[in-house]
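Data first, discussion second: the structure below is written as structure tokens.
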Amino acid sequence: MDVQELSDEVEEVSAFYAERHGIDRTPEWFVLKLGEEVGELTQAFLARSGQARRKGRTDAELEQGFRDVLAQVLLVARHFEVPIDDAIREKWSKWHPDRMSAGS
């Protein structure tokens, strides 16, 4: 499955969830939801690294925080029409060792 297919699938799930629970997916909602997921990711990282309480959560439950933020990033990129493939290539791929000139 490529990034676009993943984005499509996540969008369908998010839209269904929002409709079912009466959520208005405004631009602000997308950004706030991403912030919420980043907070959960941070909590999961701190708990897994022993820097915060685990609150009874297993490694698998903590790992979900990492996974959730990735799905939300796809939704934000889609909503704000950010072409993920292009964005990654423009920001990161130019720094790949095979693409950098010998003197850089």
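Amide H contacts of residue 52 (H built 1.01 Å from N, in plane; Pro and chain starts excluded): 47 sit under 5 Å, all sequence-distant by 5 or more or on other chains. A simple spin-label model places pseudo-atoms 7 Å from Cα toward Cβ; at residue 42 and residue 95 they are separated by 2.2 nm. Within the chain, the longest segment free of exposed loop sites, counting trypsin sites (Lys or Arg not before Pro) that fall outside DSSP classes H, G, I, E and B and have at most 12 other Cβ atoms within 10 Å, spans 1-52.
Taking the Cα centre of the chain as origin, work out the dipole magnitude from +1 charges on Lys and Arg Cβ and -1 charges on Asp and Glu Cβ, in debye rounded to 20. Each step should come with its number before you reach the end.
On the way: 14 positive and 21 negative charges, 141 e Å.
Computed about the Cα centre, the dipole is about 680 debye.
Label-to-label distance for residue 66 and residue 52 is 1.5 nm, based on points extended 7 Å past Cα in the beta-carbon direction. Shown in residue order for region 39-52 are the 3J(HN,Hα) couplings computed by the Karplus curve 6.51 cos²θ - 1.76 cosθ + 1.60 at θ = phi - 60°: x, 5, 4, 4, 4, 5, 4, 4, 5, 5, 8, x, 9, 8 Hz (x for Gly and Pro). Across region 78-95, coupling constants 3J(HN,Hα) worked out from phi with the 6.51/-1.76/1.60 Karplus curve, θ = phi - 60°, read 5, 4, 9, 6, 8, x, 4, 4, 5, 4, 5, 4, 5, 8, 10, 4, 5, 8 Hz, and Gly and Pro carry x. Once you place label points 7 Å from the Cα toward the Cβ at residue 4 and residue 19, how far apart are they in nm? Simple spin-label model gives 2.3 nm for this pair.
Exposed loop sites, defined as chymotrypsin sites (Phe, Trp or Tyr not before Pro) outside DSSP H, G, I, E and B with at most 10 other Cβ atoms within 10 Å, are absent from the longest region of the chain, namely 1-79. Rounded to two decimals, the Cα-based Rg/Rh of the chain, with Kirkwood Rh, is 1.07. A Gaussian network model of the chain, with springs between Cα atoms under 10 Å, assigns the largest mean-square fluctuation among 40, 90, 28 to 90. Annotation for region 1-15 versus region 32-66: alpha-carbon center distance of 23 Å.
No value in this document is a laboratory result; all are computed from the given coordinates. Since the model is a prediction, treat every value here as computed from it, not as a measurement. So basically every Cβ, Gly included, is an ideal-geometry build from the backbone, and we count neighbours across all protein chains shown.
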